[in-house]
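Reviewing the structure listed below.
The values are calculated or read from the model by the stated rules, or taken from the named source; none is laboratory data. This one's a predicted model, so the numbers in the text were calculated from it and none came from an experiment. We place every Cβ from the backbone using ideal geometry, glycine too, and count neighbours over all the protein chains shown. We work out accessible area using only protein heavy atoms, side chains counted, and drop any ligands, DNA or RNA first. Shrake-Rupley method; radii C 1.70, N 1.55, O 1.52, S 1.80 Å.
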Amino acid sequence: LLNINVGGKSFQIACKVLAQYPITRLGKLALYTDPVKKLQLCDDYLVQKNEYFFDRDPSIFHYIFHFYRSGVLWMMDEMCPSNFVEEIEYWGIHLKYSQRCCRILFEEKQDELNEYLKIEKELEAELEPLETGEQFDGKFLGRFRKTVWNLIENPYSSVPAKIIAVMSSFFVLISIVGMTLSTVEEMKNKTGKLWMEQMEMICAIFFTSEYLMRLISSSSFKNFLRAAFNAIDLVAILPFYIQILFENLEDGDMQYHEELHKVENVSKLGKVLKLIKLMRIFRILKLARHSTGLRAFSFTMRQCYQQVCCLLLFIAMGVFTFSALIHSVEHDVPGTDFTSIPYAWWWAAVSLSTVGYGDTVPDTILGRMVAFVCISFGIILNGMPISILYNKFSDYYAKLKAHEMSQ
């Protein structure tokens, strides 16, 4: 018999049983005759009791002990997968000795744990700033740049930093409200336009100052350009300056085209200018910098992109299928709107989403039956992923909030 002490608990195993597994640690211990090699396999040796000591987890060794006696490696659900794998690797035992049912459940639990740890790491990276205050030590104007960095990137560092963070969100809302009011007919007079232009100029000056402060306080220009939030800040201020440039070009081109009686390019320039003005709507994305909810929503979409893509694929399949069905049963009806399958796509999309505008409806009984099946399929299709996405969103939101509080 081989006397073994694992974490204070004694075990006895027949050497001929251990010799059946010569590549394992205890199998080598039973087969080796050189005392030096035996001592290399254990942590200590007690001469009085002829006992080999191992400083390992005795609770998991019970399963190792059972494996040598029965030839089957059993695993329980309450065990930590990482700890169990570490222990059996130490003893030199492979998972192939376990039953298939246990191995499948264990691998699933291991995958779940790895996925959980991966998400935890990504959540921490979501809140972790690209730079830290220590990166400015020893650099040019390091103390000044660190102060600017704390004001812009760390709203909890001081009261002025918190005020700047609140002002940033305030100016974003003011900018969006101004863009909305500029489309109101009553605000298109001279006084309204003047107010809107002044408001836009003030917001653009604040956003530009904020962007320049971030640029000055950045320790790496390359990392600064790669950051998604900095790209959003750049998109927020570019429309204002591009609009000024295009308006100056438009004035010069207008004088030139009035002489030649050609205004085609001027009208095209006006359409481009409208598109540039529309880009200001992306300023609302700046709120994600200080909003945990928007960050959690973005993180949820990135983690669940496979489910979202599957949902879009199913919707596309449903649109094509039900548009073909409704066209086949309705195309002979006089005055029908289902003159072709592409014309029926809009009806199928609206019905699948259960919105039902009512602008296009089937007239025959068979067509209404197809519509009923389409709407029922849409309810089932839309209902399946909503609970999954919501549960993950609430879970990620709670974890992000907890990480914020801990930081």
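Secondary-structure-derived ellipticity at 222 nm for the chain, considering helices only, amounts to -23000 deg cm²/dmol, per-run term -39500 (n - 2.57) for DSSP H runs with n ≥ 4. Within the assembled protein chains, the solvent-accessible surface assigned to CYS15 is about 50 Å², based on a 1.4 Å probe.
Per residue, how many Å² of accessible area does region 317-369 show with a 1.4 Å probe?
Here the per-residue accessible area is 59 Å².
Among 215-224, 142-151, sorting by the average number of other beta carbon atoms lying within 10 angstrom of each residue, highest first, gives 142-151, 215-224.
Surface calculation, 1.4 Å probe, protein heavy atoms: TYR241 sits at approximately 110 Å² accessible. In sequence order, region 225-240 has phi-based couplings of 6, 6, 5, 5, 5, 5, 5, 5, 4, 5, 5, 6, 9, 4, x, 4 Hz under the Karplus curve 6.51 cos²θ - 1.76 cosθ + 1.60, θ = phi - 60°, and Gly or Pro positions carry x. Checking every one of the GluC sites (Glu not before Pro) in region 38-132 against DSSP loop status and a limit of 15 other Cβ atoms within 10 Å picks out GLU78.
With 24 Å as the limit, the listed pairs LYS162/LYS222; LYS190/LYS286; LYS222/LYS399; LYS109/LYS392 have LYS162/LYS222; LYS190/LYS286; LYS222/LYS399 beyond it between alpha carbons.
Among rounded, prolate and oblate, which fits the chain when a ≥ b ≥ c are the square roots of the eigenvalues of its C-alpha gyration tensor, a/c under 1.5 means rounded, and a/b larger than b/c means prolate? Note, shape of the chain comes out oblate. Note down the relative contact order for the chain as a percent, whole number, built from C-alpha pairs under 8 angstrom at least six residues apart. Value for the chain: 10 percent. Report relative contact order for region 294-406 in percent, whole number only (criteria: Cα-Cα under 8 Å, sequence separation at least 6). Relative contact order here is 32 percent.
Suppose every K and R has +1 on its Cβ and every D and E has -1 on its Cβ; what is the size of the dipole of the chain about the Cα centre, in Debye to the nearest 20?
With only Lys, Arg, Asp and Glu charged at Cβ, the dipole is about 1060 debye.
Rolling a 1.4 angstrom probe over the chain with all protein chains present gives an accessible area of which 64% lies on carbon and sulfur atoms.
I'd like to check one number: the per residue accessible area of region 5-71, probe 1.4 Å, reported in Å² as a whole number.
On the way: 3940 Å² over 67 residues.
Roughly 59 Å² per residue, with all protein chains present.
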